[in-house]
Each structure stands twice: as C-alpha cells, then as structure tokens.
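Computed from the coordinates by the stated procedures, all read-outs in this text should not be read as laboratory data. All figures in this text were calculated on a predicted structure; none of them were measured in a lab. Neighbour counts are summed over all protein chains in view; Cβ atoms, including those assigned to glycine, are modelled from backbone coordinates with ideal geometry.
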Amino acid sequence: MEARGLTRFGLFLLGTSLLATSVWVGLRSGDALARNHWLYPVLLVVAFTVGGVLIGYLLVLLYRDGGGRDPQARPPLPVIRPPLARWSLGAAWTVVAVALVGLTWSVLRFQPMVATADALAVYAPNDVVGLQDDEDWYAFVPRGGDSGGTTAPVADRSGDGGPDAEQVAATGLAYYPDERVDSRALAPLLRPVAEAGYVVVVMNEPLGVASTDPDQALQAFAEFPQVTRWVVAGHGAGGEAAAAVAAHHSGSDGPVRGLLLQASSPTTDASDADVLAASVWGTQDGVVPPARIAASRDRLPADTDFVRIFGASHAQFADYGAQGSDGDPTLDDKVASAQIRSADLAFMDRVAVAKEKAGKDGKVTDGEGTDGTSDDAEKKATTEAGS
C-alpha cells in the first residue's frame, strides 16, 4: 500500500505541476506565443496534455481503489512481482518521472521575456516601412520593397560621406534577439534602421535560443535577393549565432559584410571573418559585463570598433522590461535607445559604403567618408557614443 500511495502522490504532483506551469506561463506570455517561433507553444501544449493525462490516470486509479461502481467491493490486491521485475518497473517510473520534471523545467526555462506595450506599438508598419511576417522571422521593409523587388527611394546621404540610395538598397540587417527575448522587443531599435532605407529581418528563434538554429539568417538572405550586402547582428546570446554566420558566410563564402554585436561576447572565433565589425556595449550591463566584452576582443576582427554606451544596461538594448540578473542603468531608457540607434545606423552606413579590396582576399574595407576610428595603443577601438 505504501508503494501504491507514493505512485498516486507522484502522479498528482507531476500532473498538477505540468498543468499549473503550462497554464501560468501561457497566460503570462499572451500573444508572444503566437508572434514568435512555433516550437515553444507546442512545448506548452505537450506539457498541458501530459499533465491532463496524468491527472486522468490518477482519477482512474483512485476510482479503482474505491471499488469502482460497487462501494462495498474490496480494493484490488497488490500484484506481487519478482524482485527483478520490481526493480525494472521502478527504474522505468524513475526515468518517466525525471523526463516529466525535465518537461516542467523546460516550460519554465524557455518562457519568453515579453515585449512591452511601447515596443508592441512600434511593431507595426507605417508610412515609411512595411511589416512582413513569417513563422521564422519578421521584416521591416522600406515601402515599395518586397521579397522580390527593390526598396523604395531613400534619402541620398552620400554628400555627407554616407551611402547613396543604391548602396542603401543593396544593404540589409539580419538580427538575432537575445535568449528568450520576444523578437518584437527589438522593434523600437530596429524599425528606425528600416526607416533609413535598409531591409531589416529579425529572427524568431526556436525556443528563443539562437543556437537551436544558428543559420536562420540564411533564410533572410534567400528571401531578399535584392540585398547583396548583409550585416548580421545579435543581442546577448544572439551575438553567438551572428558571429558564427559572419565567420562562415563572409568574403568569397557568402554575402555577409558586417558583424554588429549588441551587449554580446561571443565565444565563436570570428577574428578572420572578412567583415567590418562593431561591438556596442553598456557600462551597467550585469548580464554581459565589461570584462566579458574585453575578453571577446581577440575573437573579433582586429579593427572592430567598440562603442561604449555609458550607463546603459543589458535590457536597454531591447524593450522587454527589467531583467533580474542585469545591472541598474544610470541612463534614461529613451536616451540609451537613441544612442544605440545612432550607433547602429552609423555602422550600417559604414558597411553600405565600404569597398572590397581587389585580389584574392576580398576583404571589406572602409570606403571614403567612414570613420573606422580605433585606438591601437589600448587595442580598444572604443567610440564613446553620446558622451
């Protein structure tokens, strides 16, 4: 009877945990489930279904324990099994229990950090850019542009050393959000890039983790053939995938011409990638602190520009609210966003006007009118944005 009671209690505990967790996370995540990758909603449905099956099975067992339809009937006698069979059955139940605990953990572990109302208001088309949705990504596309056409005319900034309209139309941004971040939280920072004339594609990562499908950006390259020069970018853990794509699809190996890291310290060695590179980081970042940014320098191209945003935290590189492990920002959210956007646009313009060396290396170099400032003495190449 003791083993029987433990079995019933285990079914109750696992079943209610799965049901309660999936319902709570589902209500908390809201429409972020439908607007991001489909894999996490499937995980929630599986967890809820398994929890319901466990509770249903428990009710059947309790019904049988009570004698079924005959309240006077005696409970069924326990089955006497040989020791080996008991051990095998116990091991099987242990494996099942561990798997169900893992399922519950996965639901909690991968729940999205939902975009704020302000971000959702920007996640929309306007008079300048359109919005294209796909299950694996969404894209801000300048009005008049689509996956098979050309982008709408944009302001010619070549007189100020910036790109002309043709250079802008041929340049795009493929962006990997940070781990578990609702992709719509990037809209306030990235729609202005599209408003400047660039195609911007934001990945909907499976389970919100870029490493589950690091080559998602290749879909964007194929979807927008009019874009021949791509910048791959990533926030936090998303920078890992961006660095990997840059390392394997730049120069003669692909269309990547720029790597833009945002509060990110990738472990992938992209030092030999044929790209222009920039790393934008905040001094109050508690998730990827300055020490990790410094440690990433040797894994990035030697001429990488490090753009320092004084007082910015990790979460200010998107708009999903505060993050528990983050530092306390000393910079207003709007000011931080403006400085980050300025750094992003400056880098996009730099890539758009960059020229490629003739010869075997095919490396990308700054064209006329770009900054490309670096501090060789300290090997920091740090631009103090907004200082």
Label-point separation in nm, LEU13 to THR330, each point 7 Å along Cα→Cβ: 4.8
Report the full-extension gain for the segment ALA294 to ARG109: residue separation times 0.36 nm, less the Cα-Cα distance, to one decimal in nm. 63.7 nm
Go through 240-247, 316-323, 223-230, 23-30 and give me the packing order, highest mean Cβ count within 10 Å leading. 240-247, 316-323, 223-230, 23-30
